[in-house]
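A.B. asks: One structure is given below, represented as structure tokens, and several questions about it will come after.
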Amino acid sequence: MLKGSCLCGGVSYQIDDQIEEIFFCHCSKCRKATGSAFNTATPVKTECFTLLTGKDKLKSFYSSESAQRFFCSDCGSPIYSARDGQPEFIRLRVGTLDTPINPEHKTHIFIGSKAEWFDLCDDNPKFEERP
């Protein structure tokens, strides 16, 4: 079991599964949503994700026609995103985990639109778009 929360602690969750892969997304939408060079996310089965506290604080925003981003309305921490056409998965923002993880598979995606000022300095697989 893994646990996580937002910056203010108002939203907390638990995951009843292991995290085996993470994606570093360098697309412009993820950069804007995080205010950083990339977003770090992992797919989580919806059935394994439980919101423990803060349902009333969790707000969402459609960043495209079919992708919704969920965040804490008090502190602004991004928690996860969901695609309308894939209700069986959410994409958890890994930085909100309170439980340490070190998944074996790590992949950079959308490096074709990465920030010019950020250098990729690891040996993880890299893809111009979504593989």
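A.B. asks: Heads up, I need the accessible area for HIS105: 1.4 angstrom probe, whole protein in place, Å², nearest 10.
C.D. replies: It works out to around 100 Å².
A.B. asks: Hey, for a label at GLN18 modelled as a point 7 Å past Cα toward Cβ, could you say which residues of segment 95-111 have their backbone N under 17 Å away?
C.D. replies: From segment 95-111, the list is 99-106.
A.B. asks: Could you estimate the translational diffusion coefficient of segment 1-63 from the Stokes-Einstein equation, with Rh from the Kirkwood formula over C-alpha pairs, at 20 °C and 1.002 mPa s, in whole µm²/s?
C.D. replies: 162
A.B. asks: Using +1 at the C-beta of Lys and Arg and -1 at the C-beta of Asp and Glu, which of GLY76, ASN124, VAL94 has the Cα lying farthest in the positive direction of the dipole of the chain?
C.D. replies: GLY76
A.B. asks: Quick one: order TYR13, TYR80 from most to least accessible surface, probe 1.4 Å.
C.D. replies: Result of the area sort, largest leading: TYR80, TYR13.
The values are calculated or read from the model by the stated rules, or taken from the named source; none is laboratory data. Only a predicted model underlies this, so the values are computations on that prediction, with no experimental measurement involved. We place every Cβ from the backbone using ideal geometry, glycine too, and count neighbours over all the protein chains shown. Ligands, DNA and RNA are stripped out before the accessible areas are found, and what is left, the full protein with its side chains, is counted by its heavy atoms. Shrake-Rupley method; radii C 1.70, N 1.55, O 1.52, S 1.80 Å.
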